[in-house]
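Visitor: Before I ask anything, here is the structure I am working with.
The values are calculated or read from the model by the stated rules, or taken from the named source; none is laboratory data. Here the structure is a predicted model, which means the values were calculated and not measured. Backbone-built Cβ (ideal geometry, glycine too); neighbour counts: all protein chains shown.
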Amino acid sequence: MNLDLHVPRFTWPGGPDAMGPTLTTLAHTAEALGVRTLSVMDHWFQMEAMWPADEPMLEGYTTLGYVAAKTEHLRLRLLVGGVTYRHPGLLAKTVTTLDVLSGGRAELGIGAAWYEREHLGLGVPFPPVSERFERLEETLQICEQMWSDDNGPYEGTHYHLAETLCSPLPVSSPRPRILIGGSGERKTLRLVATYADACNIFGDAPTIAHKLTILQRHCDDVGRDPAEIEVTALMGVDQSMGPDAILSRAESLGAVGVKTIVTSSNTEEPSRWLEETWGPIISELSSIVAIDF
């Protein structure tokens, strides 16, 4: 089982002047421990359901570019990018740039977007959810075309590209990995089955098991081997959980098909938290064999 690190919060001691050094130390600690992927959110306001909206928030791809320059092995992605925030042609170019400059460590994390307040606040169009999913599918198609040898036009309902030229192409072969976030049974999981290399599903083990049953049906419908899709899941760890409890929960997730645990660093001392909480057990975590769903 893999361990990925998600950074949802930048409210650290020292304010803006300390954000760069704190993030650097966190990335170095993660890399030294054997964390595979570092992700950040694609939000412009902090999520008000969790913390005050006016807490510090950094732009995602700029942040990942900074982390890329400070590390050698960490994979890099948004968890997950909002489809409404970037034109898909420019998004493909942005991910390509990150991939090239990081030596093939970029992934495309993407979803249908949901945070209406930041859309309205910053003047970004916020279409109905059905349209956002249509745009999500077209964006996935455009990225795939731009990461291929096909430089021709793309004609969709919402996007019209005269030429899908992307030079240089990504270093990742055959293209950067795609992770789709969310667990909607009718639309999101169908898109996962059709386009994604990985998914990120919320919930406890029984909930995830149910969602993966639905995903398998979608895979059957499109003729896809579900074993090709890496299942990732966020796993909260509070201060009351010791090593045995953490590993037990990870084992329960692995038993239903989760291949990668995504842990969140949201303390004031994220590097210390990561080292003390996961450092002693990461080798045992890596020995957990997750089943194929």
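Visitor: If you take the residues in the stretch 238-259 that are in contact with a helix residue (DSSP H, G or I) (Cβ under 6 Å, 6 or more places away or on another chain) and not in a helix (DSSP H, G or I), which one is surrounded by the most Cβ atoms within 10 Å (Cβ to Cβ)?
Guide: It comes out as G257.
Visitor: Then there's this: Name the one entry in L140, L169 that is outside any loop (DSSP other than H, G, I, E, B) and either modelled with pLDDT of 95 or more or not acidic (D, E) (or both).
Guide: Result of the check over L140, L169: L140.
Visitor: Separate question: Output the residues belonging to the stretch 217-233 that are out of contact with any Asp or Glu (no Cβ under 8 Å at 6 or more places or on another chain) and surrounded by fewer than 18 Cβ atoms within 10 Å (Cβ to Cβ).
Guide: Once the filter is applied, which keeps residues that are out of contact with any Asp or Glu (no Cβ under 8 Å at 6 or more places or on another chain) and surrounded by fewer than 18 Cβ atoms within 10 Å (Cβ to Cβ), the stretch 217-233 yields R217, D220, D221, V222, G223, D225.
Quick grid of which residues meet (1) touching a Lys or Arg at 6+ places or on another chain (Cβ under 9 Å); (2) not β-branched (V, I, T):
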| site | (1), (2) |
| --- | --- |
| N200 | no, yes |
| I208 | no, no |
| L212 | no, yes |
| A250 | no, yes |
| T263 | no, no |
| T267 | yes, no |
| V289 | no, no |
| F293 | no, yes |
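Visitor: Name, by its number, the condition in (1) more than 21 Å from I178 (Cβ to Cβ); (2) aliphatic (A, V, I, L, M); (3) in contact with a helix residue (DSSP H, G or I) (Cβ under 6 Å, 6 or more places away or on another chain) that does not hold for L23.
Guide: Of everything listed in (1) more than 21 Å from I178 (Cβ to Cβ); (2) aliphatic (A, V, I, L, M); (3) in contact with a helix residue (DSSP H, G or I) (Cβ under 6 Å, 6 or more places away or on another chain), L23 misses just condition (3).
Visitor: Hey, can you tell me all the residues within the stretch 29-52 that are under 21 Å from E107 (Cα atoms), without any contact (Cβ under 8 Å) to a residue 40 or more places away in the chain and surrounded by fewer than 20 Cβ atoms within 10 Å (Cβ to Cβ)?
Guide: A32, the sole residue that qualifies.
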